[in-house]
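**Q** Have a look at this one.
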Amino acid sequence: MAATSQATISDCQVEEVTQLTDGIYRIQLRLLQPLVHRAGQYLELLLDQGQTAVPYTVASAPAALPLLELQIQDLGEGGLASRVIDTFKNQSTVQVRFPRGECYLDQAPQDPSQPIILIGAGTGFSQMKALIEHALAEQMSNPLHLYWGVREAEHLYGHELIEGWQQSHPNFYFHPVVSDPTGDDWSGRIGLVHESVMEDFPQLDKPLIYVCGSPAMVYAVEDDFRERGMGDGQMFSDVYSYAPRS
């Protein structure tokens, strides 16, 4: 059967809807036609007979095909995210346009000592998860540094998975950062996630850097990292495609 890397409309079977933590859901879909993608790309969920397209990063690596994983936050305010979760709960199949996006990891850098820094804010962890799973499956020897920033510690919903990466892959390093911890449940790093990167990497002229967050967050990261030596072509984000600077 032929496969394609061009964006194609396809039906998907809804396999599973799981609540990971308060307001965050994992969705498992099964593609009903053969398609290929690169780690880090996203799909568009098509609603209203295709008139509404809602983008979600694919949280699983290409090796998981035909299964696709999504991680979606629903704040319970009756908005679009709530409608999407209800759609997955109540429909056996959905329609997607897939794959989309130019922020991906395909092959290992030529220099095996070049660090790869992956920065996810909130459910931006989903894109980092796909990138890390692909890098580990391809046995990339580059140091992999995951910086995951959340507002509260309970939103670090990937403990078991991340612990497995740490135990099995000595080149993987995890750096969780909580911006607004409550109570006494957090003894780790506090603040903005990219500031922790700068604490660990005073010079940023060498790493490849992947960032998933809001446009304001991504551009703040870029500005600060450029002051630490980051050059053109080192940083990747979907924000550059859908919210370019004017």
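**Q** Give me the 1.4 Å probe accessible area per residue for the range 113-224, excluding ligands and nucleic acids, in Å².
**A** Values: 4840 Å² over 112 residues.
With all protein chains present, the range 113-224 gives 43 Å² per residue.
**Q** Where in the range 9-44 does the label zone of Ser82 land, with the point 7 angstrom along Cα→C-beta and an amide N cut-off under 16 Å?
**A** Once the point is set 7 Å along Cα→Cβ of Ser82, 23-25 turn out to lie under 16 Å by backbone N, inside the range 9-44.
**Q** Using only alpha carbon pairs under 8 Å that are at least six residues apart, calculate the relative contact order of the chain and give it in whole percent. Working shown, then result.
**A** Details: 492 pairs, mean separation 42.4, N = 246.
Taking the mean separation of contacting Cα pairs over the length of the chain, I get 17 percent.
**Q** Oh, and also: Please identify which residues in the range 27-46 have an amide N closer than 18 Å to a label point set 7 Å out from the Cα of Ser92, following the Cα→Cβ vector.
**A** Under cut-off, by backbone N: 28-33.
**Q** Ignoring ligands, DNA and RNA, please state the percent of accessible area on the chain from carbon and sulfur, probe 1.4 Å. Walk me through the numbers on the way to the answer.
**A** Working: 5370 of 12000 Å².
Reported share for carbon and sulfur atoms: 45 percent.
**Q** Moving on. State the label only: which of (i) 158; (ii) 143; (iii) 270 corresponds to volume of the Cα convex hull per residue in Å³ computed from the shown model?
**A** This structure yields the entry labelled (ii).
**Q** May I pose another question? So which residue, out of Ala121, Ala135, Ala53, gets the largest mean-square fluctuation from a GNM of the chain using Cα contacts under 10 Å as springs?
**A** Ala53
The values are calculated or read from the model by the stated rules, or taken from the named source; none is laboratory data. Note that this is a predicted model, so its numbers are computed, not measured. When we count neighbours, we look across all protein chains shown, and the Cβ atoms used for this are built from the backbone with ideal geometry, even at glycine. Quick note on the areas: whole protein, heavy atoms, side chains included, nothing else; ligands and nucleic acids left out. Shrake-Rupley method; radii C 1.70, N 1.55, O 1.52, S 1.80 Å.
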